[in-house]
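Enquirer: Have a look at the structure that comes next, please.
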Amino acid sequence: MCTVVIDVAEPGGSRLLAVRDEDPEREWDSLGEWWPETYQGVVGIRDRRAGGAWLAADPRTRRLAVLLNRADTLDLPEDQVLTRGSLALESVAGRSPSAPLRMHGFNLLEVGPDAARVLSWDGESLTETPVPTGVHMIAHDGLDDPATARIARWLPEFRAHAAKSDDWDAEWTALLATSAALDPTDDAAIIRDNRPHGYPTQSLLYCIAAVDHAALDVRQTTLPAPGHWLHAEG
């Protein structure tokens with residue numbers, strides 16, 4: 001139940017804020033070059049259990065991808081289901097997924113210097129949604145889905161702080177901190193504790209990234225405790 005806010009500029013370039021929700025008991029590694037032999041130069045947040053990435057970026061090609069889980073109707077035994085951890089890594093290597101997929105549902109946000117899109121898999125079909133110019137949010141359902149409480153609550157706020165100034169990252173981080181005044185179990189919270197909703201996941205970290213033709217920059221900040229803002233640590 002991760003959350004991403006993205007501002008796609010005209011004629012190109014994107015700025016984004018990505019919040020990762022995961023089971024705190026599932027070990028992970030901070031942003032780094034964890035795949036030097038298979039994905040040389042790629043940096044990402046690594047999941048130790050499966051070896052894949054939640055977020056991956058290739059500064060050389062100016063490609064970035066973020067993986068968000070979503071519900072699905074996949075009809076396969078669990079021992080035949082493949083991990084989704086390869087998706088972001090393959091995406092920044094220029095290999096986007098194609099159906100059919102032996103994976104549970106996902107939203108894969110792909111960002112390049114000229115455009116961004118969301119590839120969505122529900123267990124039956126893979127769809128593509130281009131991300132238009134402007135500020136948008138994506139979580140566990142569709143892009144800008146008004147039925148997702150945190151999108152309904154916070155998308156207007158982020159649109160009011162479009163990432164146009166040199167201090168956009170500080171402005172968005174301050175808005176994220178403001179959102180954390182909500183109880184983390186609130187449906188509208190971005191910094192989340194999803195356990196009351198039936199999932200073991202809590203917000204663990206967030207990344208700020210900028211992608212354009214000149215450069216790709218991505219930075220990670222870890223929350224001091226799962227599901228709580230307090231004073232986040234870079």
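The values are calculated or read from the model by the stated rules, or taken from the named source; none is laboratory data. Only a predicted model underlies this, so the values are computations on that prediction, with no experimental measurement involved. Glycine also receives a Cβ, built like all others from the backbone with ideal geometry; neighbour counts cover every protein chain displayed.
Enquirer: Kindly indicate whether any position in the range 27-41 is crowded, with 19+ Cβ neighbours inside 10 Å, within 25 Å of PRO184 (Cβ to Cβ) and within 15 Å of the chain's Cα centre (by Cα).
Expert: Looking for residues that are crowded, with 19+ Cβ neighbours inside 10 Å, within 25 Å of PRO184 (Cβ to Cβ) and within 15 Å of the chain's Cα centre (by Cα), one finds at least one in the range 27-41, hence yes.
Enquirer: Kindly indicate which of ILE138, ILE191, ILE208 is surrounded by 18 or more Cβ atoms within 10 Å (Cβ to Cβ), touching a Phe, Trp or Tyr at 6+ places or on another chain (Cβ under 6 Å) and among the aliphatic types (A, V, I, L, M).
Expert: ILE191
Let's see how each residue does on (1) in contact (Cβ under 8 Å) with a residue 60 or more places away in the chain; (2) touching a helix residue (DSSP H, G or I) at 6+ places or on another chain (Cβ under 8 Å); (3) more than 21 Å from SER125 (Cα to Cα):
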{"position": "GLY13", "(1), (2), (3)": "yes, no, yes"}
{"position": "LEU16", "(1), (2), (3)": "yes, no, yes"}
{"position": "TRP28", "(1), (2), (3)": "yes, no, yes"}
{"position": "GLU37", "(1), (2), (3)": "no, no, yes"}
{"position": "GLY41", "(1), (2), (3)": "no, no, yes"}
{"position": "LEU82", "(1), (2), (3)": "no, no, no"}
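Enquirer: Just the residues that are crowded, with 21+ Cβ neighbours inside 10 Å and touching a residue at least 24 places away in the same chain (Cβ under 8 Å), please, taken from the range 45-61.
Expert: Within the range 45-61, ILE45, GLY52, ALA53, TRP54, LEU55, ALA56, ALA57, ASP58 meet the criteria.
Enquirer: Which residue is nearest to GLY134 (Cα to Cα), if the candidates are limited to the range 174-184 and must be in contact (Cβ under 8 Å) with a residue 40 or more places away in the chain and buried (at least 16 other Cβ atoms within 10 Å of the Cβ)?
Expert: Ranking the qualifying residues of the range 174-184, first place goes to LEU176.
Enquirer: Residues of the range 62-72 being surrounded by 13 or more Cβ atoms within 10 Å (Cβ to Cβ) and either free of Cβ contacts under 8 Å to residues at least 60 places away in the same chain or of a type outside the set (S, T, N, Q) (or both), which ones?
Expert: Correct list: ARG62, ARG63, LEU64, ALA65, VAL66, LEU67, LEU68, ARG70, ASP72.
Enquirer: Would you mention how many residues in the range 87-109 are closer than 30 Å to ALA215 by Cβ and surrounded by fewer than 21 Cβ atoms within 10 Å (Cβ to Cβ)?
Expert: 7
Enquirer: Next question. What residue, among those in the range 126-153 that are touching a residue at least 40 places away in the same chain (Cβ under 8 Å) and not aliphatic (A, V, I, L, M), is nearest to ASP187 (Cα to Cα)?
Expert: Among residues in the range 126-153 that are touching a residue at least 40 places away in the same chain (Cβ under 8 Å) and not aliphatic (A, V, I, L, M), the one nearest to ASP187 (Cα to Cα) is ARG150.
Enquirer: Tell me which residues, restricted to the range 1-25, are at pLDDT below 95 and surrounded by 12 or more Cβ atoms within 10 Å (Cβ to Cβ).
Expert: Selection gives MET1, ALA9, GLY12, GLY13.
Enquirer: Provide a single number: the residues in the range 191-234 that are more than 18 Å from the chain's Cα centre (by Cα), outside any loop (DSSP other than H, G, I, E, B) and among the small types (Gly, Ala, Ser).
Expert: Going through the range 191-234 one residue at a time, the tally reaches 1.
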